[in-house]
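The values are calculated or read from the model by the stated rules, or taken from the named source; none is laboratory data. Since the model is a prediction, treat every value here as computed from it, not as a measurement. Please note: Cβ atoms are built from the backbone with ideal geometry, for glycine as well, and neighbour counts cover all protein chains shown. Ligands, DNA and RNA are excluded from the accessible area calculation, which covers all protein heavy atoms including side chains. Shrake-Rupley method; radii C 1.70, N 1.55, O 1.52, S 1.80 Å.
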Amino acid sequence: MKNNNTTNTTDGVQAATSSPQAQAANLEPQAGEKSSENQPSLEALQREIADLRKENASYRKRAKEQEEAARLAGDQRLKEQGQYKQLAEQYQARVNELEPISERYNQLASLLANQIESQTKDWPDEIKAFDPGAEAPIEERLAWIEKSKPLVAKLEQQGRAGLPGNAPNPKPTGQSHKSEAITTSLMRSGLYNF
């Protein structure tokens, strides 16, 4: 019996060392043996993350396509079985679910359109020329406003620079001391009250 146990033990050791998992475990460096050479660079990690995200997106797309195909197959099966009533109830439930969302979207879109009109009414005609128009989707108009805001601010700043009392450049430093001295002497004389 002892011989039988030793053969089983050696077979178990051979089986453990001959498996790919055991070989991989033997090849992996220990926690203390890791060096900076084995660590990937930031760019390599970012590329790997981007690849994984692409792969994940393709899996999600494939799952969505499979879900849609299963739904269509179920619809087709119901049609073939003549269960139009059940199919109509499913679609009616979906319509009832989406109608409030559609109404809210339309209300928000009209509110945003009014805000856009009031916000852009004083904008220069050069900027308004690039407005996609009231018929365009509200998302496009919002994107246009966000892109145009810096340009409008710049044009308004340039327009204010030409108004009297708004000097475009800072005052020279040498003259400010003289004017302060004159102001203080006039205040002390009592002729002027600042």
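Worth pointing out:
- Anisotropy class of region 37-149 from Cα gyration tensor, a/c 1.5 cut: oblate
- Heavy-atom accessible surface of region 43-107, averaged per residue, reaches 91 Å², computed with a 1.4 Å probe.
- Each label was represented as a point 7 Å from its Cα along the Cα-to-Cβ direction; for Arg60 and Ala129 these points are 4.1 nm apart.
- A straight chain from Leu142 to Arg71 at 0.36 nm per residue would run longer than the Cα-Cα distance by 22.0 nm.
- 20 Å Cα-Cα threshold exceeded, pairs from Lys121/Lys149; Lys121/Lys154; Lys54/Lys147: Lys54/Lys147
- Cα-based equivalent ellipsoid of region 43-107: semi-axis lengths in Å, sorted from largest, via gyration tensor: 36, 21, 5
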